[in-house]
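Heads up: the structure comes next, in structure tokens.
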Amino acid sequence: MSTPAPLASQSLAAVIVAAGKGLRAGQPLPKQFALWRGKPVLRHAAERLRAGGVGTLCAVIPEGADALAGEMLAGLEPFTLVTGGETRQESVRAGLEALATQAPDLVLVHDAARPDCPPEVIARLVAALADHPAAIPVLPVVDSMVSAAHDLMKGKAEREALRRVQTPQAFRFADILAAHSEWQGPTDAGDDAQVAHATGLSVALVEGDERLHKLTFAGDFIQEQAPMIRTGTGYDVHRLAEGEELWLCGLKIEHDKGLAGHSDADVALHAVVDAVLGAAGEGDIGLHFPPSDPQWRGAASGRFVEHAVSLAAAKGYAIGNVDVTIVCEAPKIGRHRDAMRAELARLLGVQAERVNVKATTTERLGFTGRGEGIAAQAVATLVAN
């Protein structure tokens, strides 16, 4: 067994095990290369290890994936890419042997499929290596446990004596490399703590973290494939002018002035359109209905709302709710509110309870306070179908 140097002077490397097929996750790529929270899972894992003080990284990857993995890890140099073996144990050994020329004092062996590794866990693991050649993060078992065989219960298992094992697992480098070289157990050891323990190394248990959840099934990626909720905002202003009709939330309102614009200038609906388009990631109203296009002259803005809703539906989203605020001194909106709400709900294709219309003034300040124009702002929430 190796004798550790003082912790402050020890070098720390990591082997990221990323050579599996990851078929249960239901992704078009092996799960370690799939997107999760906007970045490849492998990239997340590597960045978190770097944040925890790891120097050299060695990623063990499938055959032929060097270019893909290299692109995902770009900017995190130094790193080494190694082709994995038939089993996890063979892959880890290949990674350790690739690090042997650098001879780090300590090494972490981590599953790429656990992308969120808190630096506090790494600190606890490294501290434990001052007294033990190996350390692993664990969590208690909170559910009742049974012993089973052939889908039948054999008896109760004492959960107090059981722990859930996570990665990264930490080792004094020379010890775990020797343990893998000497391994005479089953073809696949399961994890590196088993290899260490089987060759006589003591394995310390440190507190793990629920954030180290392993991405395994398609459900673990649902939020990445289609976020359940998306939100957009919209804002619009139109000038009040004599001789124009005043349209607000799809209703014609009697007033001494109307709103000037290329279409019917319904400022409230325009704000709603931008909010829905924003939530759907589809640009803004000017992109879809440019004022330079004569076909939209005098057009009813309800058509714009229905188009925005159809674009959201094509992406798999429905209207969750819409909230619009009309900013003006006049006309007074209160007596029209229920009718506006009903018309807007019709255009959006939802129940009126999902729509809110309200109004405010600016205490006679600014262009709305002087009666020169009307402004509106809206927030739209989309939900996945």
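Does segment 72-88 contain any residue that is in the same structural domain as residue 177 (by TED's automatic domain parsing), within 20 Å of residue 176 (Cβ to Cβ), at pLDDT below 90 and crowded, with 20+ Cβ neighbours inside 10 Å?
The answer is yes; a qualifying residue exists.
Check 107, 141 and return the single one that is crowded, with 23+ Cβ neighbours inside 10 Å, over 21 Å from residue 67 (Cα atoms) and touching a strand residue (DSSP E or B) at 6+ places or on another chain (Cβ under 7 Å).
Numbers: 141 fails: crowded, with 23+ Cβ neighbours inside 10 Å.
None of the others qualify; the one that does is 107.
In contact with a Lys or Arg (Cβ under 7 Å, 6 or more places away or on another chain) and at negative phi: which single residue out of 62, 118 fits that description?
On inspection, the qualifying residue turns out to be 118.
Working only within segment 245-260, note down all residues that are assigned to a loop (DSSP other than H, G, I, E, B), surrounded by fewer than 23 Cβ atoms within 10 Å (Cβ to Cβ) and not acidic (Asp, Glu).
Within segment 245-260, 250, 255, 257 meet the criteria.
Which one of these is of a type in the set (Asp, Glu) and at pLDDT 95 or above: 105, 143?
After applying the criteria, what remains is 105.
Take residue 148 and decide whether it is part of a strand (DSSP E or B), of a type in the set (A, V, I, L, M) and surrounded by 21 or more Cβ atoms within 10 Å (Cβ to Cβ).
No; evaluated as a whole, the condition is false for this residue.
Any chance you could count how many residues in segment 6-52 are farther than 16 Å from residue 75 by Cα and either in contact with a Ser or Thr (Cβ under 9 Å, 6 or more places away or on another chain) or modelled with pLDDT of 80 or more (or both)?
21
Give just the number: which of (1) part of a helix (DSSP H, G or I); (2) under 24 Å from residue 294 (Cβ atoms); (3) among the small types (Gly, Ala, Ser) does residue 219 not satisfy?
It is condition (2) that residue 219 fails.
Would you kindly identify the strands (runs of 3 or more DSSP E) lying entirely within segment 12-130 that contain at least 2 residues that are hydrophobic (A, V, I, L, M, F, W, C) and without any contact (Cβ under 8 Å) to a residue 40 or more places away in the chain? First the steps, then the outcome.
On the way: elements: 12-17, 57-61, 79-83, 106-111.
Result: 79-83.
Select from segment 56-69 the residues that are over 22 Å from the mean Cα position of the chain (by Cα) and surrounded by fewer than 21 Cβ atoms within 10 Å (Cβ to Cβ) and list them in ascending order.
Answer for segment 56-69, where residues must be over 22 Å from the mean Cα position of the chain (by Cα) and surrounded by fewer than 21 Cβ atoms within 10 Å (Cβ to Cβ): 56, 62, 63, 64, 66, 67.
Restricting to segment 259-304, what's the tally of residues that are small (Gly, Ala, Ser) and touching a His at 6+ places or on another chain (Cβ under 9 Å)?
8
Among 135, 113, which is small (Gly, Ala, Ser), in contact with a Leu (Cβ under 9 Å, 6 or more places away or on another chain), at pLDDT below 95 and crowded, with 18+ Cβ neighbours inside 10 Å?
So the residue among 135, 113 that is small (Gly, Ala, Ser), in contact with a Leu (Cβ under 9 Å, 6 or more places away or on another chain), at pLDDT below 95 and crowded, with 18+ Cβ neighbours inside 10 Å is 113.
Regarding segment 298-311, can at least one residue be identified that is of a type in the set (Val, Ile, Thr), under 22 Å from residue 280 (Cβ atoms) and either touching a Cys at 6+ places or on another chain (Cβ under 7 Å) or assigned by TED's automatic domain parsing to the domain that holds residue 357 (or both)?
Yes, that holds for at least one residue.
Give the residues of segment 65-77 that are closer than 15 Å to residue 18 by Cα and either touching a Lys or Arg at 6+ places or on another chain (Cβ under 9 Å) or among the basic types (Lys, Arg) (or both), sorted by residue number.
Residues satisfying the conditions are 72, 73.
For residues that are part of a loop (DSSP other than H, G, I, E, B) and either in contact with a His (Cβ under 6 Å, 6 or more places away or on another chain) or farther than 15 Å from residue 1 by Cα (or both), tally how many sit in segment 131-145.
4
The values are calculated or read from the model by the stated rules, or taken from the named source; none is laboratory data. Just so you know, these numbers come straight off a predicted model, no measurement behind them. Cβ coordinates were reconstructed from backbone atoms using ideal geometry, including for glycine residues, and neighbour counts include every protein chain displayed.
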